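J.: Let me begin by handing over the structure; questions about it come next.
The values are calculated or read from the model by the stated rules, or taken from the named source; none is laboratory data. The shown structure was predicted, so the numbers you read here are calculated from the model rather than taken from an experiment. Note that each Cβ is placed from the backbone with ideal geometry, even for glycine, and that neighbours are counted across all protein chains shown.
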Amino acid sequence: MELETGTLVQGLVLIFALALAFLAYNFPARVLAPLRARGRSSAQAKRHFIQGAQLLAQARSAPSKKDSLSLARSSLNQADQALTLDPKDAAAHILKALGLQLLGQLPQALASLDNALSPPALKSLAKSERADALFKRAEIRLKMEPKSRHRAELAMADLLAGITMKELENSRVFCMLGDCYLRKEMVDEAKKAFENALRLEPSSEEAKAGLASIS
C-alpha cells in the first residue's frame, strides 16, 4: 500500500511538473507578463526598502540636524517608492513611520503604523516585528498628546498586547506602561509596572523616578 501511494504521489508530481511546463510554454505572453512584472516589482520594492533603511540609519547618526532631516526625507522617499510597488509590505509602512517621526510629523507617522498593523499588511510581520511596531505606535501616541487620557488608554492597549505576546520584555516598555497607568490614575497598576521595570533593569532611573512620584 505504501509503495502504491508513493508511486501515485510521484506520478502526480510528474504530471504537475509537465502541466506547468505546458502552461509556461503555451500561455499567451499577455497572461504571463503581469506575473513576471509582479516579481520584478517586489524585488524593486525590496531594493527601495533597503536603501531607505540605510538612509534612515544615516539620518539618526548625522552630525547636524540639517543633514539628519535631509537624509530622513530621502529615506521617506524610498519608503514611498517601495509602497507604490508593494502597498501590502508592512516593513515599508514602518520605515515610512520612522522617517516621519524623525521629521516631527507624528500624526502621519501614526497613520503609517496603523497601516502596518492592519490587514493585509499585518500578515507580513513576524511576531517580534509586530510587537516592536506596537511599542513604537504606543510611543508616538503618548508623544502626540502627553496629557490625553484617551491616548494613554490606546497606548496601554498596544503595550499590553506586545507584553502578552511575550515579545516586549524590557524596562522601557514597563516604564511607558507605568506612565499610562498614572495618566489614568491607576496607581497600584503603575507601581507594579515600575517595579517590573526595575526587576528587568535595576539601574533604571526612569523606573526609580516613576516609583518616587507615587510614594
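J.: Can you tell which of 118, 64 is within 30 Å of residue 180 (Cα to Cα) and surrounded by fewer than 18 Cβ atoms within 10 Å (Cβ to Cβ)? So that I can check it myself, show each step before the final result.
T.: Values: 64 fails: within 30 Å of residue 180 (Cα to Cα).
Selected residue: 118, the only one of 118, 64 that is within 30 Å of residue 180 (Cα to Cα) and surrounded by fewer than 18 Cβ atoms within 10 Å (Cβ to Cβ).
J.: How many residues are hydroxyl-bearing (Ser, Thr, Tyr), farther than 22 Å from residue 139 by Cα and in a helix (DSSP H, G or I) when one looks only at region 47-99? Steps first, please.
T.: Going through region 47-99, the residues hydroxyl-bearing (Ser, Thr, Tyr) turn out to be 61, 64, 68, 70, 74-75, 84.
Those still in the list that are farther than 22 Å from residue 139 by Cα too: 64, 70, 74, 84.
Still in the running and in a helix (DSSP H, G or I): 70, 74, 84.
Adding up the residues that qualify gives 3.
Yes/no matrix, rows are residues, columns are (1) out of contact with any Cys (no Cβ under 8 Å at 6 or more places or on another chain); (2) modelled with pLDDT of 95 or more; (3) among the charged types (D, E, K, R):
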{"position": "86", "(1), (2), (3)": "yes, no, yes"}
{"position": "89", "(1), (2), (3)": "yes, no, yes"}
{"position": "100", "(1), (2), (3)": "yes, yes, no"}
{"position": "106", "(1), (2), (3)": "yes, yes, no"}
{"position": "109", "(1), (2), (3)": "yes, yes, no"}
{"position": "113", "(1), (2), (3)": "yes, yes, no"}
{"position": "117", "(1), (2), (3)": "yes, yes, no"}
{"position": "120", "(1), (2), (3)": "yes, no, no"}
{"position": "123", "(1), (2), (3)": "yes, no, yes"}
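J.: Which ones in region 78-88 are out of contact with any helix residue (DSSP H, G or I) (no Cβ under 6 Å at 6 or more places or on another chain) and surrounded by 15 or more Cβ atoms within 10 Å (Cβ to Cβ)?
T.: The one that is out of contact with any helix residue (DSSP H, G or I) (no Cβ under 6 Å at 6 or more places or on another chain) and surrounded by 15 or more Cβ atoms within 10 Å (Cβ to Cβ): 80.
J.: Further, regarding this structure: Could we say that residue 96 is touching a helix residue (DSSP H, G or I) at 6+ places or on another chain (Cβ under 7 Å) and more than 22 Å from residue 51 (Cα to Cα) here? Give the steps one after another, and end with the answer.
T.: Working: touching a helix residue (DSSP H, G or I) at 6+ places or on another chain (Cβ under 7 Å): yes; more than 22 Å from residue 51 (Cα to Cα): no.
Against the criterion (touching a helix residue (DSSP H, G or I) at 6+ places or on another chain (Cβ under 7 Å) and more than 22 Å from residue 51 (Cα to Cα)), residue 96 does not qualify.
J.: While we're here: Please go through region 146-173 and pick out each residue that is surrounded by 12 or more Cβ atoms within 10 Å (Cβ to Cβ) and assigned to a loop (DSSP other than H, G, I, E, B).
T.: Answer for region 146-173, where residues must be surrounded by 12 or more Cβ atoms within 10 Å (Cβ to Cβ) and assigned to a loop (DSSP other than H, G, I, E, B): 148, 165, 167, 168, 169, 170.
J.: Within region 111-145, how many residues turn out to be more than 14 Å from residue 92 (Cβ to Cβ), in a loop (DSSP other than H, G, I, E, B) and aliphatic (A, V, I, L, M)?
T.: The total comes to 1.
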